Amino acid sequence: MTDLKAFGEKLFANLETVIIGKRNALDLITIGLLCQGHVLIEDVPGVGKTVLARTLAKSLGCAFNRLQFTPDMLPSDVTGTSIFNQENRKFEFRPGPLFGQIILADEINRATPKTQAALLEAMEERQVTVDGQTHILPRPFMVLATQNPIEYEGTFPLPEAQLDRFLLRLRLGYPGAADEIRILENQQLRHPIESVEAVISADEVLQAADAVREIFVSPAVKRYIIDIVHRTRQHADIYLGASPRGSLALFRSAQARAALLGRDYVLPDDVKALAGAVLPHRMIVNPAARLRDVTAEKLVQEILLAVAVPGGTFNA
């Protein structure tokens, strides 16, 4: 099996030359990469969301494309379009910026629902269909989407179908005082991202992603995952619980976390550590509960306390 712990440490070391003091966020991004999933970064402007995506792409030597979403953007601006070639009298497909490996969907909630929907097929099936023709996207393929949780003017909330396609949702948050001083010092003469070089190849990413699937998950831990997800569907304060895709996301991400920690088996602690990043954005809280300031994050923590943690051996 690929040494996934060494893989993670090499990537972390490279990312931390630019992204200071955000090890938890880098862990989640790496888990998303190993699961070949997509990540929604929800935070205020200026905390490093775009820089994180660019640094990840440079660290992997992958093709990086940025989509700056605006209300007037069309689906063809994302996926590409067919252009008529007058020389051969045929239509030729011109790929859009979605045809990359690490895609930054900046301020995704500023696009109209029609344009947002252009991402659905790409995020789930790794392909794009234009004018009846299907085009396969390159691998690895990962969408890092950002949105501002504060400013709602001129935005279109992401539909449930799109939110469900994000493996994880995370927040970077403001840096601490000491970390912010390091940021000032690091960028005094030039931005550290200029000196970032690739430390892992795209082929190594794909090999690592295949190795993650071999991490052992005991029947007890599988049952624990299902019990947690089922509670989200039965809770009185939750209008819509997590889907089976949510169960699979929790399963896969727990495998990746175990691998990054050097284990070849999943513990209930892996599931508990990731439930807060995997499940809340897949849930809809009842209006009456929202009036009581109940959030999906709080409900997931409540469910984790209520579901019995399995005991016994998990590596056999």
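General remarks:
- Pick from segment 239-258, criterion part of a helix (DSSP H, G or I) and small (Gly, Ala, Ser), ranking: surrounded by the fewest Cβ atoms within 10 Å (Cβ to Cβ): SER247
- Some residue of segment 188-203 being within 24 Å of the chain's Cα centre (by Cα) and among the polar types (S, T, N, Q): yes
- Single match in PHE166, PHE91 (criterion: among the aromatic types (Phe, Trp, Tyr), closer than 25 Å to ARG245 by Cα and not assigned by TED's automatic domain parsing to the domain that holds HIS281): PHE166
- Test: residue in segment 151-165 that is modelled with pLDDT of 85 or more and closer than 23 Å to ARG23 by Cα: no
- Candidate set from segment 230-251 (those that are over 19 Å from the mean Cα position of the chain (by Cα) and among the aliphatic types (A, V, I, L, M)); member that is farthest from ARG292 (Cα to Cα): LEU240
- Residues that are within 15 Å of the chain's Cα centre (by Cα), closer than 27 Å to ALA211 by Cα and not in a helix (DSSP H, G or I) do not occur anywhere in segment 259-266.
- Meets criteria (loosely packed, with under 15 Cβ neighbours inside 10 Å, under 13 Å from the mean Cα position of the chain (by Cα) and assigned to a helix (DSSP H, G or I)) for GLU180: no
- When residues of segment 34-46 are limited to those that are over 20 Å from GLU194 (Cβ atoms) and out of contact with any strand residue (DSSP E or B) (no Cβ under 6 Å at 6 or more places or on another chain), the one surrounded by the most Cβ atoms within 10 Å (Cβ to Cβ): LEU34
The values are calculated or read from the model by the stated rules, or taken from the named source; none is laboratory data. Every value quoted in this text rests on a predicted model; they were computed, and no experiment measured them. Cβ sites come from the backbone with ideal geometry, for glycine too, and all protein chains shown count toward neighbours.
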